[in-house]
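Some notes on the structure that comes next.
The values are calculated or read from the model by the stated rules, or taken from the named source; none is laboratory data. These figures come from a predicted structure and were not determined experimentally. No Cβ is skipped: glycine too gets one built from the backbone with ideal geometry, and neighbour counts run over all protein chains shown. For accessibility, only protein heavy atoms count, side chains too; no ligands or nucleic acids. Shrake-Rupley method; radii C 1.70, N 1.55, O 1.52, S 1.80 Å.
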Amino acid sequence: MAGNREEAPDYGRGVVIMDDWPGYDLSLFTYPQHYYGDLEYVLIPHGIIVDRIERLAKDIMKDIGYCDIMVLCVLKGGYKFCADLVEHLKNISRNSDRCVSMKVDFIRLKSYRNVLIVEDVVGTGRTMRALLSSIEKYKPNKIKVASLLVKRTPRSDGFRPDYAGFEIPNLFVVGYALDYNEYFRDLNHICVINEHGKEKYRV
């Protein structure tokens, strides 16, 4: 089952970003002008995200093996991570001597073989446990969870994904398809939103 450290190789906590990490100054990067004044700093630049996802794809292929994979994307925040991860998985498959059948679905339940759930953020872990419980009813061979971000939050129930991109402090982050009331999905970097931004886009 996903999150069980005894059944899968331990890929660790991903890239761990400590609580006292000051981030990167926004002036060092380009980002949409309509968000000027709405962000505190860049937490994870886009290039680092892309490189980390490429490594996750290699770890997943090594762990799951060259077999058919059903990728389940948790919408909406997970779509960009899912698209980039699947692209890297396809590249690995293309450059190997074995063909890997890869299908992508968006949490529509039916019978599955090997399942890879792709999520944007794991916080408390409760949502993912509920999702895993519903998918396990369909008796797939193997279920794995890949999450781009894992938040260190006191409300966590201890759930850990099998593959984590980055472990981050308990911050309100946006960008790379992570939104605040549907805004910031067009921001390539993962950034921390400021109070002005929260107020501006509050519903």
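For the chain, averaging the sequence separation of C-alpha pairs within contact (under 8 Å, six or more residues apart) and dividing by the residue count gives a relative contact order of 30 percent. Output the pairs from K76/K137; K103/K198; K76/K198; K90/K142; K151/K198 with a Cα-Cα distance over 28 Å in this structure; if there are none, say none. Long pairs (Cα-Cα over 28 Å): K103/K198.
Just going by the charge dipole of segment 133-175, with Lys and Arg at +1 and Asp and Glu at -1 on Cβ, which of N170, P154, I143 is farthest out on the positive end? Working it through, the farthest residue towards the positive pole turns out to be I143. Axis of helix 46-64 versus longest Cα principal axis of the chain: the two differ by about 20°, to the nearest ten degrees. When only the Cβ of Lys, Arg, Asp and Glu is charged (+1, +1, -1, -1), the dipole of the chain relative to its Cα centre reaches about 900 debye.
The residues of the chain expose on average 51 square angstrom of accessible surface per residue, using a 1.4 Å probe on protein heavy atoms. Here the Karplus relation 6.51 cos²θ - 1.76 cosθ + 1.60, evaluated at θ = phi - 60°, turns the backbone of segment 197-202 into coupling constants of x, 4, 5, 4, 9, 5 Hz, with x for every Gly and Pro. Near I193, once Lys and Arg are set to +1 and Asp and Glu to -1 for all other residues with Cβ below 9 Å from its Cβ, the sum equals -2. The 1.4 Å probe gives accessible areas that order R129, R185, R94, R13, largest first, as R94, R13, R129, R185.
Can you tell me the orientation of helix 79-94 relative to the chain, as the angle in degrees between its alpha-carbon axis and the longest Cα principal axis, to the nearest 10? Relative to the chain, helix 79-94 is tipped by roughly 40 degrees. Judged by the ratio a/c of the largest to the smallest principal axis of the C-alpha gyration tensor, segment 37-125 counts as oblate, that ratio being 1.5 or greater while a/b is no larger than b/c.
For K151, K139, K90, K103, give the ranking by accessible area with the largest first, probe 1.4 Å.
K139, K103, K90, K151
Ordered by 1.4 Å accessible area with all protein chains kept, V15, V203 run largest first as V203, V15. Taking only protein heavy atoms and a 1.4 Å probe, the accessible area of the chain is 50% carbon and sulfur.
Each residue was assigned an accessible area with a 1.4 Å probe, and for M18 the value is about 110 Å².
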